[in-house]
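The values are calculated or read from the model by the stated rules, or taken from the named source; none is laboratory data. Keep in mind that what you see is a predicted model, and the values were worked out from it rather than measured. Note: ideal-geometry Cβ built from the backbone for every residue, glycine included; neighbour counts use all protein chains shown. We work out accessible area using only protein heavy atoms, side chains counted, and drop any ligands, DNA or RNA first. Shrake-Rupley method; radii C 1.70, N 1.55, O 1.52, S 1.80 Å.
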Amino acid sequence: GEAITNDLGLFASGKVRVSNQLTLQTGARWTINMRYGSAVTPSTWLLWQPKLPFQTRFSYAYGFRSPSLKELFFNFIDVNHFVIGNSNLNPERSLNLRGEITWKTFNFNKVDITLTATGFYNKVNDRIILTALGPVHYEYRNVETWKTSGASFRVNANVGKWLRFQSDVISTGFHN
């Protein structure tokens, strides 16, 4: 038989300045997949700037990803490989939450410094992975729940207009 799949997606977004300090943007994607039906995945972010050097962003988004043709039907078999697709895969559905606080421009002697702290959380239901079933035997499978979370801290320093320094410390956790 023929291996075919089609996706059609429509996206709409709107942005509103609620006040001088608060901006809200929201959107949604409507995805239609010939194998898995349709899904609506909304997203929203909020920007709050209470005082000039500070800004805070919060966002959430839902996601939907149908399996690719490779994940569904790909077969690669030789002496060293036995990789097969899985036509029984479920689509991935996800949630992403993110928050960020930035302290901009505290300035000494033409050096502008920006500090940014960020945190995030991701949860993917039915994540699609290539699973080892033996020494050379692999198959695409769904993982019921896969989560990541983490935080980062960034320091940016601009010296005049000719030099920029950036340093990041990032910690990510995988919860499976």
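Values for this structure:
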read-out: Top-ranked residue in the stretch 82-92 [being open to solvent by 40 Å² or more (accessible area, probe 1.4 Å) and touching a strand residue (DSSP E or B) at 6+ places or on another chain (Cβ under 8 Å); ranked as nearest to residue 5 (Cα to Cα)]; value: 90
read-out: Residue pairs meeting the criteria (Cβ under 6 Å; at least 6 apart or on separate chains; first more than 17 Å from residue 59 (Cβ to Cβ) and aliphatic (A, V, I, L, M), in the stretch 18-45; second in a strand (DSSP E or B) and open to solvent by less than 30 Å² (accessible area, probe 1.4 Å)); value: 39/31
read-out: Whichever residue in the stretch 155-176 is open to solvent by 90 Å² or more (accessible area, probe 1.4 Å) and within 30 Å of residue 109 (Cβ to Cβ) and, among such residues, is modelled with the lowest pLDDT; value: 161
read-out: Which numbered condition residue 175 misses (of (1) in contact (Cβ under 8 Å) with a residue 40 or more places away in the chain; (2) within 17 Å of the chain's Cα centre (by Cα)); value: (1)
read-out: Condition check for residue 82: more than 20 Å from residue 149 (Cβ to Cβ) and touching a His at 6+ places or on another chain (Cβ under 6 Å); value: yes
read-out: Candidates 35, 29, 65 - the one that is charged (D, E, K, R) and at pLDDT 95 or above; value: 29
read-out: Subset tally (residues that are among the hydroxyl-bearing types (Ser, Thr, Tyr) and within 16 Å of residue 92 (Cα to Cα)) for the stretch 135-151; value: 3
read-out: Count - residues of the stretch 124-176 that are in contact with a Phe, Trp or Tyr (Cβ under 8 Å, 6 or more places away or on another chain), not in a strand (DSSP E or B) and not small (Gly, Ala, Ser); value: 2
read-out: Among (1) touching a residue at least 24 places away in the same chain (Cβ under 8 Å); (2) assigned to a strand (DSSP E or B), the one test that residue 71 misses; value: (2)
read-out: The stretch 93-135, subset free of Cβ contacts under 8 Å to residues at least 40 places away in the same chain and of a type in the set (Gly, Ala, Ser), residue surrounded by the fewest Cβ atoms within 10 Å (Cβ to Cβ); value: 132
read-out: Residue check for residue 40: open to solvent by 90 Å² or more (accessible area, probe 1.4 Å) and β-branched (Val, Ile, Thr); value: yes
read-out: Single residue of 4, 32 found to be outside any strand (DSSP E or B) and either within 21 Å of residue 121 (Cβ to Cβ) or among the hydrophobic types (A, V, I, L, M, F, W, C) (or both); value: 4
read-out: Top-ranked residue in the stretch 43-53 [being touching a strand residue (DSSP E or B) at 6+ places or on another chain (Cβ under 6 Å) and surrounded by fewer than 16 Cβ atoms within 10 Å (Cβ to Cβ); ranked as modelled with the highest pLDDT]; value: 44
read-out: Qualifying residue in the stretch 100-123 (condition: outside any loop (DSSP other than H, G, I, E, B), among the acidic types (Asp, Glu), at pLDDT 95 or above and farther than 30 Å from residue 74 by Cβ); value: yes
